[in-house]
1. For the chain, with a Gaussian network of springs between Cα atoms less than 10 Å apart, report the residue from 85, 127, 29 with the top mean-square fluctuation.
2. If I take the Cα coordinates of the chain and project them onto the principal axes, what are the three extents in Å, biggest first?
3. Put +1 on the Cβ of every Lys and Arg and -1 on every Asp and Glu Cβ in region 13-199; which of 178, 165, 13 then has its Cα farthest towards the positive end of the dipole?
4. Assign unit charges at the C-beta atoms only (+1 for Lys and Arg, -1 for Asp and Glu), then state the dipole size of the chain relative to its Cα centre in Debye, rounded to the nearest 20.
5. How far is it, in nm, from the label point at residue 149 to the one at residue 40 when both lie 7 Å from their Cα along the line to the Cβ?
6. Return the single residue from 15, 174, 43 with maximal mean-square fluctuation; model: Gaussian network over the chain, springs between Cα atoms under 10 Å.
7. Starting from the Cα of residue 205, step 7 Å along the direction of its Cβ; do the same at residue 126; then give the gap between the two resulting points in nm.
8. Please rank 57, 13, fewest neighbouring Cβ atoms within 10 Å first, as an exposure proxy.
Amino acid sequence: MGLTADSLRDGLMVALRCLGDLFREEHQFLKGSSNGDLRSIGAVALTGTQNNDGVTMDDGTRWIVHKTENPGIWTFQWDGPGIRFLDGHTVGQPPFAALTPHIPPPPPAQPPDPDPFTGRFWRLIDFPDPDLNGFSHLALQCQGQESHSADDRPFGFLDGHTLDGFVGLNDGTASEEIIQNNGERRRVDRTGTHWELTVWEPVLHEGGGTPPPNGLPT
């Protein structure tokens, strides 16, 4: 069973599994990657287990959660080279998720500069039904506000595309059926905004990760 927003603790290492309807073995877990240049943004996509063996987790799927001064708002630090965070880009064609460049800590006794990466702050929202496909699930709402057109996604929700592995932002979490201009009905699928959050373990267990031996960090 997955973690909830209320059970999340600072410093916990987690994995995020997308619960989109169009299941693909190779497109399940949120993964960060870098080209080695800490000054540039890194990529974020969905991946499977190593060699799609269904058991061994990919190292790039480790994320460290950090609480912020704002209640209910968290950051997700990629456990890879540098200090980089999951970052929602609310403006784009289409809006997308990525890794921030390396963000060094400010020198002691010096106030930090204004944060240019407001998209790296996320509000976690538990869904009222804890048993979608047998998983506790939640949504991650980006706190980035930048918007210039109707196609942008300020305060958008992290959206995994399980069909092709792309990770973007969506304007909502509920799927719906709409009527197009030609009168045809079309389903708008937003199930990719539903995520299972578990304690990261090198070997995948049924129902996700289990708490560490000494319990969750406090």
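Only the coordinates and a few stated rules stand behind these numbers; no lab work does. These numbers were taken from a predicted model, which means no experiment stands behind them. Here the Cβ is made from the backbone with ideal geometry for all residues, glycine too, and neighbour counts use every protein chain on show.
1. 127
2. Reported extents, whole Å, longest axis first: 62, 43, 34.
3. 13
4. 340 debye
5. It is 2.5 nm.
6. 174
7. A separation of 2.1 nm, rounded to one decimal place.
8. 13, 57
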